[in-house]
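The values are calculated or read from the model by the stated rules, or taken from the named source; none is laboratory data. Quick caveat: nothing in here was measured; it's all calculated off a predicted structure. Positions of Cβ are generated from backbone atoms using ideal geometry, with glycine treated the same way; all protein chains shown enter the neighbour counts.
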Amino acid sequence: MSPKLFISYSHEDKPIAKQLAEALSSRGYDVFWDAKIPPGMTFDTYIFDQLQGSNAVIVLWSKNSIHSDYVKEEAEYAKHHSLLVPLNVDGTNLPFGFTRIQATDISGWHGTTQDGQWQNVVDSIEAILNDGTERTTHESLPLEHVGDPPQGQRLQVNVAATLATVIVLIMLVGLVVGLAMHTASG
């Protein structure tokens with residue numbers, strides 16, 4: 001089965017998204033971009049289903065997409081699930097939260113699959129697809145460890161657990177003593 005790729009882009013960048021989708025499809029990838037939404041489907045639900053079923057998410061960052069809430073949400077999802085392949089289509093500065101992630105500059109790319117920029121795109125996708133896991137969709141991703149609670153909160157949890165343990169022990173001692181007294185008087 002072909003790896004599923006999801007392209008996130010601003011509608012103003014549709015020509016480059018179409019070029020990219022066609023080039024990736026010709027390489028054998030199963031590519032989703034929102035031009036493929038079936039009639040009668042609720043677009044946000046359908047898009048989210050496609051996003052969840054993707055093996056890699058290609059985000060086309062541009063002066064247009066950095067202002068799109070949809071693109072930023074899709075990129076955040078991809079970042080969180082380690083599926084993000086960021087491409088910069090016009091040299092724009094990436095939005096907050098994505099500036100530390102290296103994006104491949106494709107600002108001079110014109111759809112040819114014979115140049116270095118294209119090979120960088122393919123290499124980035126393959127790196128995501130071949131990251132050493134056998135996942136096929138986000139649903140098979142391992143649960144993430146969200147980290148330890150802050151120090152003060154950890155102390156509160158430990159005190160509460162200790163207090164609960166002491167109360168249970170006192171109740172057990174009371175029960176044993178009560179049973180012993182009842183048995184001795186009987």
Next item on the list: Give me the pairs, please: first residue somewhere in segment 103-126 and farther than 12 Å from residue 20 by Cα, second residue anywhere and surrounded by 13 or more Cβ atoms within 10 Å (Cβ to Cβ) and of a type in the set (Asp, Glu), beta-carbon distance under 6 Å, and either six or more positions apart or on two chains.
Entry: 107/90
Check: Hey, among the residues in segment 75-128 that are in contact with a helix residue (DSSP H, G or I) (Cβ under 6 Å, 6 or more places away or on another chain) and assigned to a strand (DSSP E or B), which one's farthest from residue 29 (Cα to Cα)?
Finding: 104
Margin query: Condition first: in contact with a Leu (Cβ under 6 Å, 6 or more places away or on another chain) and over 13 Å from residue 129 (Cβ atoms). Now tell me which residues in segment 53-73 satisfy that.
Written below: 60, 61
Check: So how many residues does segment 2-49 have that are exposed (fewer than 11 other Cβ atoms within 10 Å of the Cβ) and either touching a residue at least 12 places away in the same chain (Cβ under 8 Å) or on the phi > 0 side of the Ramachandran plot (or both)?
Finding: 3
Check: Out of segment 23-47, which residues are within 11 Å of residue 6 (Cβ to Cβ), out of contact with any Asp or Glu (no Cβ under 9 Å at 6 or more places or on another chain) and either aromatic (Phe, Trp, Tyr) or outside any helix (DSSP H, G or I) (or both)?
Finding: 29, 30, 32, 33
Margin query: I'm checking my understanding of the structure. Among residues of segment 94-117 that are at pLDDT below 90 and over 17 Å from residue 13 (Cβ atoms), which one is surrounded by the fewest Cβ atoms within 10 Å (Cβ to Cβ)?
Written below: 114
Note to self: Among (1) in a loop (DSSP other than H, G, I, E, B); (2) modelled with pLDDT of 50 or more; (3) closer than 26 Å to residue 19 by Cα, there is one condition residue 136 misses while meeting the rest; what is its number?
What the structure shows: (2)
Check: Inside segment 56-93, can you point out the residues that are over 11 Å from residue 8 (Cβ atoms), without any contact (Cβ under 8 Å) to a residue 60 or more places away in the chain and among the β-branched types (Val, Ile, Thr)?
Finding: 66, 92
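To keep it simple, each residue is scored yes or no on (1) touching a His at 6+ places or on another chain (Cβ under 8 Å); (2) farther than 28 Å from residue 112 by Cβ; (3) at pLDDT 95 or above.
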| site | (1), (2), (3) |
| --- | --- |
| 9 | no, no, yes |
| 12 | no, no, yes |
| 35 | no, no, no |
| 44 | no, yes, no |
| 49 | no, yes, no |
| 56 | no, no, yes |
| 76 | no, yes, yes |
